[in-house]
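Heads up: the structure comes next, in structure tokens.
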Amino acid sequence: SVDPGAGHHARTVLGPVPSLSQVLQSGVGQRFSFEFGYSQAMLMFQPVGGMDMIPRALAKAIGPGRIRMGCKVTKITNVPRGVEIEYERNGRKAVFEADYCIATQPPQVLARTPHNLGANVTAALKVPVPASTGKIGLEYKNRWWEVDDNIYGGITPTDLDLSTVWYPSYGYGTDRGVVIGYYNFGANSDRYAALTHQQRLARALEQGAKIHGPKYARDI
């Protein structure tokens, strides 16, 4: 019945336990499906310096001299001794031979790449289809979500066309911060994509203010 405080914050006396109907009407189910996904399980961490530190570390382990940049793969062929990769670089064609190939192209791109792996492989690669997504970053002069709302990282799922609001999980207690004003998908993303950048910004602030109030559009 009492939520303990931290530091100089006093304890908070909680209200009565809500009924089952009130719990269901709150939309709490939106939180379940997201966190139950194996790729979104709590707790998740991010590398210091940004997500691209992962491929940078991989490149360092492989050795920069062994990586060929700017190459367009034009054909993948399984052969008895391994695999042959045909590619183009600076307008010139070449062939690379290896013991095996790990293809990391998006499935819909790899499906259009000539190969000798068979029709079943091509059909399987065509099953996944790309989905529209959109994001916008909103930089604020002060971290009001921490100071006013005690939000330190995480996501607010919504039933608005902005879908989700994402708060930074770094720089706690500093002066500035960037909130992901919308992270939406499908039809919602397509509607935002049809707008100019200034219109997207205005829409994101208008919708976000329905959750956080007028401060959402201040000090940006």
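Residues that are aliphatic (A, V, I, L, M) and open to solvent by less than 70 Å² (accessible area, probe 1.4 Å) were ranked within the stretch 86-116; the one that is nearest to residue 131 (Cα to Cα) is 109.
Assessment of the stretch 59-66 against the conditions (open to solvent by less than 100 Å² (accessible area, probe 1.4 Å), over 14 Å from residue 114 (Cα atoms) and either touching a helix residue (DSSP H, G or I) at 6+ places or on another chain (Cβ under 6 Å) or part of a loop (DSSP other than H, G, I, E, B) (or both)) yields at least one matching residue.
For first residues located in the stretch 89-102 and more than 18 Å from residue 70 (Cβ to Cβ), partners that are of a type in the set (Asp, Glu) and outside any loop (DSSP other than H, G, I, E, B) and lie 6+ apart or on another chain with Cβ distances below 6 Å form the pairs 97/84. Report, ordered by the first and then the second residue, all pairs with beta carbons closer than 7 Å, sequence separation of six or more or different chains, a first member in the stretch 1-27 that is closer than 26 Å to residue 147 by Cα and without any contact (Cβ under 8 Å) to a residue 24 or more places away in the chain, and a second member that is open to solvent by 90 Å² or more (accessible area, probe 1.4 Å) and not in a loop (DSSP other than H, G, I, E, B). Short answer, once both residue conditions are applied: 1/13; 2/13.
Tell me, which residue of the stretch 143-157 that is under 13 Å from residue 213 (Cβ atoms) and among the hydrophobic types (A, V, I, L, M, F, W, C) is surrounded by the most Cβ atoms within 10 Å (Cβ to Cβ)? Going through the qualifying residues, I end up with 145.
Does any residue of the stretch 162-185 turn out to be at pLDDT 95 or above and charged (D, E, K, R)? No - not one qualifying residue is present in the stretch 162-185. Residues in the stretch 173-190 that are of a type in the set (Val, Ile, Thr) and touching a Leu at 6+ places or on another chain (Cβ under 9 Å): 178, 179, 180.
With respect to residue 128, is the statement that it is open to solvent by less than 30 Å² (accessible area, probe 1.4 Å) and either without any contact (Cβ under 8 Å) to a residue 24 or more places away in the chain or out of contact with any helix residue (DSSP H, G or I) (no Cβ under 8 Å at 6 or more places or on another chain) (or both) true? Here the answer is no, as residue 128 does not meet what is asked. When the residues of the stretch 195-218 are filtered to those that are open to solvent by less than 70 Å² (accessible area, probe 1.4 Å) and not in a helix (DSSP H, G or I), the one that is farthest from residue 144 (Cα to Cα) is 195.
Return yes or no: is residue 17 open to solvent by 90 Å² or more (accessible area, probe 1.4 Å), modelled with pLDDT under 95 and of a type in the set (Val, Ile, Thr)? Yes.
When the stretch 122-145 is filtered for residues that are within 24 Å of residue 161 (Cα to Cα) and over 22 Å from the mean Cα position of the chain (by Cα), only 144 remains.
Does residue 133 satisfy the condition of being modelled with pLDDT of 95 or more, open to solvent by 60 Å² or more (accessible area, probe 1.4 Å) and not aliphatic (A, V, I, L, M)? Answer is yes for this residue. Residue 147 falls short on exactly one of the conditions (1) β-branched (Val, Ile, Thr); (2) out of contact with any Ser or Thr (no Cβ under 9 Å at 6 or more places or on another chain); (3) more than 30 Å from residue 28 (Cβ to Cβ), and that condition is (3).
Pairing each residue of the stretch 40-61 that is closer than 15 Å to residue 166 by Cβ with any residue that is at pLDDT below 90 and open to solvent by 100 Å² or more (accessible area, probe 1.4 Å), provided the two are 6+ apart or on different chains, yields C-beta distances under 8 Å for 46/170.
The values are calculated or read from the model by the stated rules, or taken from the named source; none is laboratory data. As the structure is a prediction and not an experimental result, all values here were calculated from the model. Backbone-built Cβ (ideal geometry, glycine too); neighbour counts: all protein chains shown. For accessibility, only protein heavy atoms count, side chains too; no ligands or nucleic acids. Shrake-Rupley method; radii C 1.70, N 1.55, O 1.52, S 1.80 Å.
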